[in-house]
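Written below as structure tokens is the structure these notes are about.
Just so it is clear, none of the values below were taken in a lab; they were calculated from the coordinates. Since the model is a prediction, treat every value here as computed from it, not as a measurement. As a convention, Cβ positions derive from the backbone with ideal geometry for all residues, glycine included, and neighbour counts pool all protein chains shown.
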Amino acid sequence: MTDILKEIVNVAIEGVKEIYQADISPGDLLVTPTKKEHKGDFTLVTFSLAKALRQSPPQIAASLGEYILQARSWVNDTEVVQGFLNISLSSSYWSSVLDEMIREPDYWKPVHAPEKVLVEFSSPNTNKPLHLGHIRNILLGWATYKMFVAAGYNVNRVQIVNDRGIAICKSMLSWNKFGEGQTPESAGMKSDHFVGEWYVRFEKEFSKEYKAWQQTAEALEIFEARKEQELTEEEFFKNYKNQYFNLYSLLGAEAKEMLLKWEAHDPETIQLWKKMNSWVYTGFEETYKKLGVEFDKLYFESDTYLLGKDIIEEGVRRNVFYKKDDGSIWVDLTSQGLDHKLLLRKDGTSVYMTQDLGTAQKRYDEFGAERMVYVVGDEQNYHFQALFAMIGAYGAPYAKGLYHLSYGMVDLPEGKMKSREGNVVDADDLIDVVLKEASDAASEREVNDPDIIRKIGMAALKYFIVKVDPRKRMIFDPKASVDLQGQTGPYIQNAYVRIQSILRKAGENNSGHDTYEPIEDEKLLLNMLSQCRQIIDSAVKEYNPALIANYAYALAKEYHRYYHDVKVLHAESEAAMSFRLKLIRVIGENILNTMDLLGIEMPDRM
């Protein structure tokens with residue numbers, strides 16, 4: 001499809017060459033949509049040319065306006081406002097734009113070489129269910145995948161499941177000690193919620209044990225020995241919790257013993273681990289299905305935690321990494337503004353950096369991905385800076401294609417969540433709350449179709465989260481998310497539904513519109529439609545699905561205004577009605593396509 005911004009830049013470059021015998025580059029020119037208070041469709045800014053052309057911006061704008069008006073048939077008029085050249089395009093141009101959008105339904109997609117991209121998202125732990133923070137991760141990951149696909153990339157979706165470690169053993173030990181053989185079925189609970197309850201139970205039992213220990217002579221003696229820290233007794237024991245777990249806790253000792261048994265492949269421990277993890281995986285799949293997401297491959301930390309050792313040994317041989325006298329292996333990243341990072345402990349065991357290095361290499365070997373996107377919360381910013389710097393130092397062929405899509409945490413109006421205390425908002429519970437809000441709102445309009453309510457509720461949840469720039473921390477308000485009047489998913493859905501209603505009433509109408517003169521509102525809508533490709537391209541370059549979400553809202557908002565101000569089925573002429581029916585059909589398809597990139601479905605009725 002013709003890129004009108006590029007066309008205006010090209011003809012301006014021609015004009016400068018013809019009038020001033022000077023060469024300028026596209027980067028010297030800025031073209032923007034004309035402000036509503038001025039006449040025109042697009043504005044060419046000429047201030048940057050004044051020095052090179054040795055004329056005032058108004059003179060340059062005037063001479064370029066005369067040239068462009070003569071050189072391009074699709075220009076109908078020009079107007080100079082100081083150093084701004086406002087350009088009005090012909091009616092035939094706008095009609096051709098609409099015809100081209102109908103003729104080429106993929107007009108809205110950017111075009112890129114089919115580069116291989118891998119997007120990692122979700123990546124949960126198997127000691128608890130998915131929660132509100134995971135929802136933001138999942139929705140960002142899914143939208144990133146979808147927008148890269150729309151831009152022509154070859155994309156794979158993966159997650160790494162954190163299925164090993166002390167936190168997993170806490171859930172296992174807790175069920176072993178207190179579960180009395182219960183299962184998700186016997187407890188009447190969703191299976192991942194069931195496992196999460198035992199993790200919370202462990203923390204509650206541990207807190208009781210720790211509180212009791214604080215009253216012992218041993219604990220008070222330790223506190224007295226550290227009085228130079230100038231902490232109150234309460235402050236000291238709050239900070240000492242991890243040391244207590246590792247040094248004195250009976251429950252901590254049992255959990256660590258279970259981890260050692262797992263690492264030694266003790267059959268009974270492995271059997272329990274597999275059983276409880278299978279419960280969690282079943283629960284995860286149910287939640288993913290509700291959210292409409294799926295993966296091409298799952299990696300498990302129990303398989304990947306030993307990866308990377310060979311790479312690190314090779315790095316030592318090449319003097320990329322170095323070994324200390326105690327046998328531990330490190331990498332010096334100080335030249336990149338970071339620090340020295342441990343890669344292998346002195347006993348040869350891995351750290352997270354080790355397995356992340358190995359997993360990245362494994363994915364490159366399996367998928368040949370030239371770009372890897374990690375969707376992970378911003379508390380891991382430093383980890384990924386160090387990981388990417390280390391991979392670059394090692395010289396991996398995919399080093400330049402690594403990106404951390406860092407996002408802020410999600411709070412509720414009530415405040416933060418804490419998983420250990422059991423007051424995390426589980427993803428399933430949040431989905432149920434939003435669906436209830438959607439159901440209540442729908443009942444006021446006498447809508448009782450469960451599928452429509454589901455689509456409205458999920459649109460409310462997804463859009464409210466994805467519309468926020470990933471880098472920003474956000475508050476999710478379930479009630480506000482279903483509002484039909486605000487910047488919400490249901491508001492955008494309502495624009496689509498209104499369009500479908502008009503098209504159903506119109507039936508088949510294929511009259512021509514050659515003699516129709518589009519009004520300013522229609523030019524604005526066509527201009528917005530033509531910008532879709534650039535918006536998606538920017539979203540891909542910036543790894544920011546919020547740009548697409550906000551574009552969809554802006555288009556829906558402009559359409560709602562058009563719907564109230566302009567008659568379609570009772571237009572003033574057949575040509576006007578035909579043009580408008582084609583226009584709103586393209587708008588509806590655009591809303592459908594852009595919202596699909598966010599994982600949001602459109603209902604036909606609301």
Residues 44, 581 arranged by fewest to most Cβ contacts within 10 Å:
581, 44
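In a shell of Cβ-Cβ distance under 12 Å around residue 540, excluding residue 540 itself, what net charge do Lys and Arg (+1) and Asp and Glu (-1) give?
Values: positive: 109, 146, 371, 533, 541; negative: 115, 537, 542.
Summing Lys and Arg as +1 and Asp and Glu as -1 gives +2.
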Using a Förster distance of 60 Å, the FRET efficiency for residue 286-residue 23 (Cβ separation, nearest 0.05):
0.45
Among (1) 219; (2) 177; (3) 271, only one was calculated for this model; which label is it, if the read-out is volume of the Cα convex hull per residue in Å³?
(1)
Relative to the longest principal Cα axis of the chain, at what angle does helix 546-565 sit, 0 to 90 degrees, rounded to 10?
40
When the charge dipole of the stretch 465-597 is computed with +1 at the Cβ of Lys and Arg and -1 at the Cβ of Asp and Glu, the Cα pointing farthest to the positive end, of 515, 569, 544, is that of 544
Can you list the GluC sites (Glu not before Pro) in the stretch 44-121 that are in a DSSP coil and have 16 or fewer other beta carbons within 10 angstrom?
115
Could you check what % of the DSSP bridge pairs in the chain are antiparallel, to the nearest 5?
50
Going through the stretch 6-111, which trypsin sites (Lys or Arg not before Pro) have at most 15 other Cβ atoms within 10 Å and a DSSP loop state?
35, 36, 39, 54
Sort 454-461, 498-505 by the packing proxy (mean of other Cβ within 10 Å over each peptide's residues), most packed first.
454-461, 498-505
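Hey, with R₀ at 30 Å, roughly what FRET efficiency would residue 220 and residue 176 work out to, going by the Cβ-Cβ distance, to 0.05? The partial results should precede the final answer.
Details: r = 32 Å, r/R0 = 1.07.
Step by step, r from the Cβ atoms, then E = 0.40.
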Loop-only check: which trypsin sites (Lys or Arg not before Pro) in the stretch 238-340 are DSSP coil with at most 16 other Cβ within 10 angstrom?
318, 324
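To the nearest 20 debye, what is the magnitude of the charge dipole of the chain about its Cα centre, counting +1 on the Cβ of each Lys and Arg and -1 on the Cβ of each Asp and Glu?
Values: 72 positive and 90 negative charges, 74 e Å.
Charge dipole, the chain, about its Cα centre: 360 debye, nearest 20.
Could you give the length gained on full extension between residue 234 and residue 32, defined as 0.36 nm per residue of separation minus the Cα-Cα distance, in nm? Walk me through the numbers on the way to the answer.
Working: separation 202, 0.36 × 202 = 72.72 nm, distance 6.08 nm.
Full extension of this stretch gives 66.6 nm more.
Let me check I've understood the local charge: for residue 568, count other residues with C-beta under 13 angstrom from its C-beta, Lys and Arg +1, Asp and Glu -1. What total comes out? Don't jump to the answer; show the numbers that get you there.
Details: positive: 498, 504, 505, 567, 580, 582, 585; negative: 521, 522, 565, 572, 574.
Local charge sum for residue 568: +2.
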Cβ density ranking, 10 Å radius, fewest first, applied to 373, 119 yields 373, 119
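Under a Cβ-only charge scheme (Lys and Arg +1, Asp and Glu -1), can you give me the dipole magnitude of the stretch 4-89 about the Cα centre, in debye to the nearest 20? Before the final figure, lay out the partial values.
Details: 8 positive and 10 negative charges, 39 e Å.
Roughly 180 debye, rounded to the nearest 20.
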Cα centroids of the stretch 232-308 and the stretch 582-598: how far apart, whole angstrom?
44
In degrees, nearest 10, the alpha-carbon axis of helix 191-213 is tilted away from the dominant principal axis of the alpha carbons of the chain by 50
Lys and Arg at +1, Asp and Glu at -1: add these up for the other residues within a Cβ distance under 14 Å of residue 38 and post the number.
-1
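When the helix-only estimate is applied to the chain (DSSP H runs of n ≥ 4, each -39,500 (n - 2.57), divided by the residue count), what is the mean residue ellipticity at 222 nm, nearest 500 deg cm²/dmol?
Numbers: 25 runs with 336 residues, N = 606.
When only DSSP H runs of four or more count, the value is -17500 deg cm²/dmol.
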Please say if the stretch 4-89 is rounded, prolate or oblate, where rounded means a/c under 1.5 for a ≥ b ≥ c the square roots of the C-alpha gyration tensor eigenvalues, and otherwise the choice is prolate for a/b larger than b/c and oblate otherwise?
prolate
Residue 100/residue 310 FRET efficiency (R0 60 Å; Cβ-Cβ; nearest 0.05):
0.65
Of 271, 105, 8, whose Cα points farthest to the positive end of the dipole of the chain (charges on the beta-carbon: +1 Lys, Arg; -1 Asp, Glu; origin at the Cα centre)?
8
In nm, the gap between the two label points placed 7 Å beyond Cα toward Cβ at residue 257 and residue 274 is 2.4
To test your reading of the geometry: what angle, between 0 and 90 degrees and rounded to tens, separates the Cα axis of helix 250-263 from the longest principal axis of the chain?
70
In debye, nearest 20, what is the charge dipole magnitude of the stretch 133-229 about its Cα centre with +1 on Lys and Arg Cβ and -1 on Asp and Glu Cβ, if you could check?
500
Specify the inter-centroid distance of the stretch 478-548 and the stretch 35-53, based on alpha-carbon positions, in whole Å.
28
Run the reach check for residue 567 against lysines, Cα to Cα strictly under 25 Å, same-chain hits fewer than 8 apart removed. What comes back?
35, 36, 39, 505, 523, 557, 582
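Can you tell me the length gained on complete extension of the stretch residue 573 to residue 187, counting 0.36 nm per residue apart and subtracting the Cα distance? Working shown, then result.
Values: separation 386, 0.36 × 386 = 138.96 nm, distance 6.69 nm.
Separation in residues times 0.36 nm, less the Cα-Cα distance, equals 132.3 nm.
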Radius ratio Rg over Rh of the stretch 487-606, counting only Cα atoms, Kirkwood formula for Rh:
0.98
Which Cα, out of 495, 174, 236, lies furthest along the positive dipole direction of the chain (beta carbon charges, K/R +1, D/E -1)?
236
